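Undergrad: After the structure tokens below, expect a handful of questions from me.
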Amino acid sequence: MNLILFGAPGAGKGTQANFIAKKFNLYQLSTGDILRNEIKNKTTIGKKIDLIINQGDFVTDNIINELLKKVISNPSYRNRIIFDGYPRNIEQAENLELMLNSDNQSINFIFFLKVSKKIIEKRILGRITCEKCKKIFNVYSDKKEVEKHECGVKYLKKRKDDNEDVLITRYDEYMKKTKPVLDFYSSRSYFHEIDGSSEIEVITNKIEQILTV
Ligand code: AMP
């Protein structure tokens with residue numbers, strides 16, 4: 001199965017994708033992670049996009065679609081992809097269908113994690129991610145978990161774009177470009193809206209229940 005985790009920045013897409021990928025042996029395709037890797041490895045693309053991401057703008061569809069094509073056409077990820085952070089606009093949503101169709105694949109589940117702006121701010125400003133296992137924590141609410149994280153505290157890093165200034169642009173971009181994608185998907189039988197403000201395990205359980213029916 002292929003599934004999409006949809007929602008604003010900070011809605012919990014990465015956190016849920018991480019759990020579900022492990023549980024169902026799926027591949028977490030986070031476009032944000034792929035892009036950050038390009039920056040870290042100082043590739044040609046990485047040099048182009050560093051400023052864009054750290055201003056909170058969207059990377060061009062051409063760059064994103066090229067990166068995505070490589071993953072979708074990779075036989076080891078076939079029919080086991082969690083799309084996390086993609087599609088982010090209508091053009092990307094249309095392109096995803098084309099790419100999957102031409103490879104005889106489809107989307108089987110879409111989960112929309114709905115959260116308020118207030119919660120988003122709290123989550124993003126406190127977010128730290130383990131560079132090794134990709135697990136996400138909040139410095140304010142997960143103090144104990146942070147201290148005893150199995151990979152070691154030194155791998156826990158705050159993202160450069162997780163600050164108040166950049167968040168304003170990222171949220172605006174979401175409202176303007178990404179939210180309209182909801183209309184594209186919401187009438188489909190496999191679209192599920194989930195209260196993203198619930199506890200992490202509650203959300204994971206809900207998603208698991210739907211995936212195992
Ligand atoms: P994320 O890790 O999903 O929060 O993404 C971090 C940043 O990467 C975003 O603010 C964008 O600048 C860029 N990005 C990630 N996914 C996409 C996408 N599908 N389209 C355009 N830009 C993206």
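Undergrad: Per residue and in Å³, how big is the convex hull formed by the alpha-carbon atoms of the range 85-168?
TA: That works out to 148 Å³ per residue.
Undergrad: Could you pull out the pairs from LYS42/LYS134; LYS40/LYS177; LYS13/LYS148; LYS143/LYS179; LYS42/LYS143 whose alpha carbons sit more than 30 Å apart here?
TA: Beyond 30 Å: LYS143/LYS179; LYS42/LYS143.
Undergrad: Using a simple spin-label model with points 7 Å from Cα along the Cα→Cβ vector, what separation in nm is obtained for ILE210 and LYS176?
TA: 2.9 nm
Undergrad: Where does each of VAL115, VAL139, VAL181, VAL213 land when they are ranked from fewest to most other beta-carbon atoms within 10 angstrom?
TA: Taking fewest neighbouring Cβ atoms as first place, the list is VAL213, VAL139, VAL115, VAL181.
Undergrad: Taking H as built 1.01 Å from N, whose amide H comes closer than 5 Å to the amide H of GLN28, not counting residues under 5 places away?
TA: Placed amide hydrogens put ILE82 under 5 Å from GLN28.
Undergrad: Taking the alpha-carbon set of the chain, what are its Rg and Dmax in Å?
TA: Cα only, the chain: 16.5, 47 Å (Rg, Dmax).
Undergrad: Still on this structure, please answer the following. Under 13 Å Cα to Cα from LYS206, which aspartates and glutamates show up? Leave out anything in the same chain fewer than 8 places away.
TA: Result set, ordered by chain and number: GLU193, ASP195.
Undergrad: Contour minus end-to-end for SER187 and MET1, with contour as 0.36 nm per residue of separation and end-to-end as the Cα-Cα distance?
TA: 65.0 nm
Undergrad: Between ILE200 and ILE52, what's the calculated FRET efficiency when r is the beta-carbon distance and R0 is 35 Å? Round to 0.05.
TA: According to the calculation, E is roughly 0.70.
Undergrad: Related question: Provide the gained length on full extension for the span ASN74 to SER141, in nm with one decimal, where the gain is 0.36 nm per separating residue minus the Cα-Cα distance.
TA: The span from ASN74 to SER141 would gain 20.3 nm if fully extended.
Undergrad: Still on this structure, I have one more. Can you grab the distance from the C-alpha centre of the range 73-125 to the C-alpha centre of the range 1-71, Å, no decimals?
TA: When both Cα centres are located, 10 Å separates them.
Undergrad: On to the next question. Mind scanning LYS114/LYS176; LYS117/LYS144; LYS69/LYS135; LYS23/LYS117 and naming the pairs with a C-alpha gap bigger than 23 Å?
TA: With Cα atoms farther than 23 Å apart: LYS117/LYS144; LYS69/LYS135; LYS23/LYS117.
Bear in mind that the values in this text are calculations on the coordinates, not laboratory data. These numbers were taken from a predicted model, which means no experiment stands behind them. Counting neighbours? That spans all protein chains shown, and the Cβs are built from the backbone with ideal geometry, glycine included.
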